[in-house]
1. Among the candidates Thr108, Thr129, Thr100, single out the residue that is over 16 Å from the mean Cα position of the chain (by Cα) and of a type in the set (Ser, Thr, Tyr).
2. Is it the case, given these coordinates, that Val153 is under 18 Å from Thr129 (Cα atoms) and either at pLDDT 95 or above or in contact with a strand residue (DSSP E or B) (Cβ under 6 Å, 6 or more places away or on another chain) (or both)?
3. Please specify each residue of region 184-230 satisfying the condition of being in a loop (DSSP other than H, G, I, E, B), among the acidic types (Asp, Glu) and in contact with a strand residue (DSSP E or B) (Cβ under 9 Å, 6 or more places away or on another chain).
4. Of these, Ser82, Ser42, which one is within 18 Å of the chain's Cα centre (by Cα) and either surrounded by 13 or more Cβ atoms within 10 Å (Cβ to Cβ) or of a type outside the set (Val, Ile, Thr) (or both)?
5. Please verify whether Arg98 is at pLDDT 95 or above, under 24 Å from Glu207 (Cα atoms) and not hydrophobic (A, V, I, L, M, F, W, C), treating the condition exactly as stated.
Amino acid sequence: MKKPPVVILCGGRGTRFREQTESRPKPMIEVCGKPILWHLMSFYAAQGFNDFILCLGYKGDFIKQYFLHHTAMTNDFTIDLSKPDQIEFHGSARQDWRITCVDTGADTLTGARVKKIEKFIDGDQFLLTYGDGLADVDVQATVDFHNKHGKAVTVTGVRPQSRFGELQVDGDAVQSFSEKPDVQHGYINGGFFVMDKKTMSYLTTDEKCILEREPLENIANDGELMIYKHHGYWQCMDTYRDLMLLESEWNSGVAPWKKW
């Protein structure tokens, strides 16, 4: 069976990274020399999902230029300037990725961005995630789980590491101290969705449509939202500190999201 396409939300302004996002969109912030978007796409492609639809917005031209020139910038090549449309590439650094870049508006919110790429989805199912988070999720397992329960949407639920130390107390006495433990109660939205195309009926092209608000709330109220519980690695890149953590994990040689 044909693998469903991977829709990636790439259009936000990334205001917490303003020192870098003044010149580029957040998914193009580099983790050890490669955009986090490249890491994310490599992660999916390594698991057999290599058809991508990128929801562009703020500084989307930066992403378009990156992929338009990707093969030339990652390979040696020979060009005859009398025949500039004929380029001979040397080397094997070529991804078998199919990438559709769609301008969904500079100020459009997440739900409307997804709705605006509806016409590019050929099948009955698609994957969706954010362009600023990495994980070691078994993507095929999420698809299999989704197909088994038959509901409209599967969201990957994660228990991230707390940003603060946790104190267990008895009166005024601290019984235990745990520096930045994993969240133990409940799950948060980790992205890495699987969605049936009927999800689009809950969305509008109104640029103020936020996927995580009324659409997903209504989907849950209709009994059409299921959770795939992921207990492995998951890390978003919301702050400079998060970026440093991702880089340290990559440099350690054991980056959990590296499946290739």
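1. Values: Thr129 fails: over 16 Å from the mean Cα position of the chain (by Cα); Thr100 fails: over 16 Å from the mean Cα position of the chain (by Cα).
When all the criteria are applied, what remains is Thr108.
2. Values: under 18 Å from Thr129 (Cα atoms): yes; either at pLDDT 95 or above or in contact with a strand residue (DSSP E or B) (Cβ under 6 Å, 6 or more places away or on another chain) (or both): yes.
Yes; evaluated as a whole, the condition is true for this residue.
3. Answer for region 184-230, where residues must be in a loop (DSSP other than H, G, I, E, B), among the acidic types (Asp, Glu) and in contact with a strand residue (DSSP E or B) (Cβ under 9 Å, 6 or more places away or on another chain): Glu212, Glu224.
4. Details: Ser82 fails: within 18 Å of the chain's Cα centre (by Cα).
Unique residue meeting the criteria: Ser42.
5. Numbers: at pLDDT 95 or above: yes; under 24 Å from Glu207 (Cα atoms): no; not hydrophobic (A, V, I, L, M, F, W, C): yes.
So Arg98 fails the test.
One line per residue, one yes/no per condition, for (1) at pLDDT below 95; (2) assigned to a strand (DSSP E or B); (3) more than 28 Å from Thr154 (Cβ to Cβ):
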| residue | (1), (2), (3) |
| --- | --- |
| Met1 | yes, no, no |
| Phe17 | yes, no, yes |
| His39 | no, no, no |
| Ala45 | no, no, no |
| Gly48 | no, no, no |
| Cys55 | no, yes, no |
| Lys64 | no, no, yes |
| Ala72 | yes, no, yes |
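The values are calculated or read from the model by the stated rules, or taken from the named source; none is laboratory data. The model shown is predicted, which means the values in this text are computed figures rather than measured ones. With ideal geometry, Cβ positions are generated from the backbone for all residues, glycine too; neighbour counts draw on all protein chains shown.
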